[in-house]
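The values are calculated or read from the model by the stated rules, or taken from the named source; none is laboratory data. Remember, predicted model here, so these are calculated numbers, not experimental data. Cβ atoms come from the backbone with ideal geometry, glycine included; neighbour counts cover every protein chain shown. These accessible areas exclude ligands, DNA and RNA; they are computed on the full protein's heavy atoms, side chains included. Shrake-Rupley method; radii C 1.70, N 1.55, O 1.52, S 1.80 Å.
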Amino acid sequence: MTQHFIIVGGGMIGLASAIGLRQQGHRVTLLERGPAPRYSDSTELRVSAIAHHSRDLLTQLGVWQQLPQQRLGPYTAMEVWDHDSFGRIHFHAGEVQQDDLGAIVENRVLEHHLWQRAAEVGVELRPETTVTAHEISAEQVSVTADGSTIVGDYLIAADGNRSPLRQAAGLPITYWDYEQTGCVAVIRCAQPHGGCARQVFLPTGPVAWLPLGEPNLVSLVWSADDALADELRELDDQAFAKRLQAVSDQALGQLEVVSERGYFPLRMQYAQQWVQQRLLLIGDAAHSIHPLAGQGANLGFGDVIALLEVTANDFAHKELRNWERERKVAAVQMISAMESFKRGFGSANPLLKLVRGIGFRVADKVGPLKRLLVQAALG
């Protein structure tokens with residue numbers, strides 16, 4: 001049976017769900033408070049590591065094929081190490097018979113092409129539209145936006161981690177503050193990145209260099225304890241690059257900041273209820289996690305994949321509850337893993353550093369264990 005889905009939020013997850021639902025024959029109206037996403041020739045600050053299952057979804061939606069190759073950073077290897085320690089591990093896609101482990105994509109580039117594809121398949125797109133009220137009953141939903149009312153069968157909140165829809169519905173969240181700040185920037189390296197994603201764990205938080213389409217450009221994601229982040233904010237680009245150089249172990253040679261630097265607070269949050277009658281939470285509206293493994297977007301795309309399995313056939317409230325339970329388990333597992341990583345590596349205790357170093361060394365040398373880790377990286 002064809003349903004009318006109203007989606008609030010035109011980010012990656014909202015647009016992906018809109019395209020998938022429309023391809024299944026449903027009517028879809030998407031409301032986005034900002035303008036239609038566009039991008040320029042300059043590399044965008046915010047990027048996502050797209051795992052294989054997310055790429056498969058985007059291919060099915062007809063989007064991955066449209067992305068400009070020069071704006072994609074496929075990575076064939078990962079290198080992770082503990083600062084000031086012998087602990088180091090190196091993964092390669094060939095160890096699990098894959099061409100790559102994933103790809104780094106600029107968020108704005110992906111959103112633009114998702115928007116274009118949504119228009120092509122017949123999603124009713126309403127940019128620069130603000131939702132001011134909504135009502136949910138057992139039979140339908142209605143949304144008031146910019147003075148007009150839209151009536152549909154289901155309402156999907158894909159409006160980000162601060163989700164006005166979730167707040168208006170009174171759905172509580174569990175959260176904790178990591179007391180860290182994420183710093184993002186585009187960095188030019190003297191040595192080519194070689195398609196390798198690199199990450200070093202410091203006691204004050206992890207630093208990641210993610211390969212972009214240009215061989216000497218990487219996207220920096222530095223998750224720093226708030227006190228350190230305050231210090232970094234005060235530095236000019238040259239002094240910042242010097243600090244970055246000091247923690248890079250010279251993996252990429254001389255480093256240069258070639259963009260503005262963006263800062264954002266890091267915290268985990270998790271909605272206790274994702275389905276309220278005909279309202280569904282998806283993506284960051286339902287969960288947000290620490291960026292240290294780059295799995296936030298993939299967790300959201302996983303929500304979309306599972307939802308589309310439900311909506312492909314006639315469904316009832318029971319199937320939506322099953323979807324909610326399945327995705328809650330996936331989110332809690334990812335949140336727990338990220339918290340374990342953060343706590344396990346966020347210490348300069350010499351004994352812990354020794355244990356971490358031994359763990360890295362064992363994982364790097366033991367074939368089956370290493371293959372499991374590579375499979376986990378594939379998502």
C-alpha long axis of helix 237-247 to longest principal axis of the chain, angle in °: 70
The percentage of the accessible area of the chain (probe 1.4 Å, all protein chains present) made up of carbon and sulfur atoms, to the nearest whole number, is 50
Quick one: among Asn107, Asn313, Asn161, which has the greatest mean-square fluctuation in a GNM of the chain with alpha-carbon springs under 10 angstrom? Asn313
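Do any trypsin sites (Lys or Arg not before Pro) in the stretch 10-49 lie in a loop, going by DSSP, with at most 16 other beta-carbon atoms within 10 Å of their beta carbon, and if so which? Numbers along the way, then the final one.
Working: sites: Arg22, Arg27, Arg33, Arg38, Arg46; in loops: Arg33, Arg38, Arg46.
Within the stretch 10-49, the qualifying trypsin sites (Lys or Arg not before Pro) (loop, at most 16 other Cβ atoms within 10 Å) are Arg38, Arg46.
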Tell me the mean residue ellipticity at 222 nm calculated for the chain from its helices only (DSSP H runs of n ≥ 4, each -39500 (n - 2.57), averaged over every residue, nearest 500). -11500 deg cm²/dmol
Between the modelled labels at Val151 and Asp56 (7 Å from Cα along Cα→Cβ) the distance in nm is 4.1
What is the Cα convex hull volume of the stretch 161-310 when expressed per residue in Å³? 128
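With the radius of gyration and the Kirkwood radius both derived from the Cα set of the chain, what is their ratio Rg to Rh?
Working: Rg = 21.2 Å, Rh = 21.7 Å.
In the chain, Rg relative to Rh is 0.98.
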Could you state the principal axis extents of the C-alpha atoms in the stretch 182-263, from the largest down, to the nearest angstrom? 33, 23, 18
In the full protein assembly as shown, how much of Ser288 is accessible to a 1.4 Å probe, in Å² to the nearest 10? 10
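Can you tell me the length gained on complete extension of the stretch Ala316 to Glu260, counting 0.36 nm per residue apart and subtracting the Cα distance? It would help to have the intermediate numbers written out before the result.
On the way: separation 56, 0.36 × 56 = 20.16 nm, distance 4.80 nm.
Using 0.36 nm per residue and subtracting the Cα-Cα distance, I get 15.4 nm.
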5 Å is the cut-off here: which amide hydrogens, built 1.01 Å from N in the peptide plane, fall below it relative to Gly102, excluding neighbours closer than 5 in sequence? Tyr75
So in the stretch 1-150, what percent of DSSP beta bridges are antiparallel if you round to the nearest 5? 70
Cut-off under 5 Å, modelled amide H: who pairs with Ile156 long-range: Ile6, Ile7, Val8, Leu280
In debye to the nearest 20, the charge dipole size for the stretch 142-219, taken about the Cα centre with +1 at each Lys and Arg Cβ and -1 at each Asp and Glu Cβ, equals 280
Express the C-alpha Rg of the stretch 66-131 as a ratio against the empirical globular expectation 2.2 N^0.38 Å, rounded to two decimals. 1.73
Cβ-Cβ FRET estimate between Asp230 and Thr130, R0 fixed at 30 Å, reported to 0.05: 0.35
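How much of the DSSP beta bridge set in the chain is antiparallel, as a percent to the nearest 5?
Working: 59 of 80 bridges.
About 75 percent, rounded to the nearest 5.
Give the accessible surface of the chain per residue, rounded to a whole number of Å², with probe radius 1.4 Å and ligands, DNA and RNA excluded.
Numbers: 16490 Å² over 379 residues.
That works out to 43 Å² for each residue.
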When the Cα centres of the stretch 301-337 and the stretch 136-192 are compared, how far apart do they sit, in Å? 17
Total charge dipole magnitude, the chain, about the Cα centre, Cβ charges on Lys, Arg, Asp, Glu only, Debye to nearest 20: 720
Phi-based couplings in Hz for the stretch 197-205 (Karplus 6.51, -1.76, 1.60; Gly and Pro marked x): 8, 10, 8, 10, 9, 9, x, 9, x
Excluding ligands and nucleic acids, what accessible area in Å² is computed for Ile13 using a 1.4 Å probe, to the nearest 10? 20
Diffing the stretch 57-70: the Karplus 3J(HN,Hα) column from phi (6.51, -1.76, 1.60, θ = phi - 60°), in whole Hz with x for Gly and Pro, holds 4, 5, 5, 4, 7, x, 10, 4, 5, 8, 6, x, 4, 6
At what distance in angstrom do the alpha carbon centres of the stretch 4-71 and the stretch 259-290 lie from each other? 17
The stretch 1-109 - charge dipole about Cα centre, Lys and Arg +1 at Cβ, Asp and Glu -1, debye rounded to 20: 700
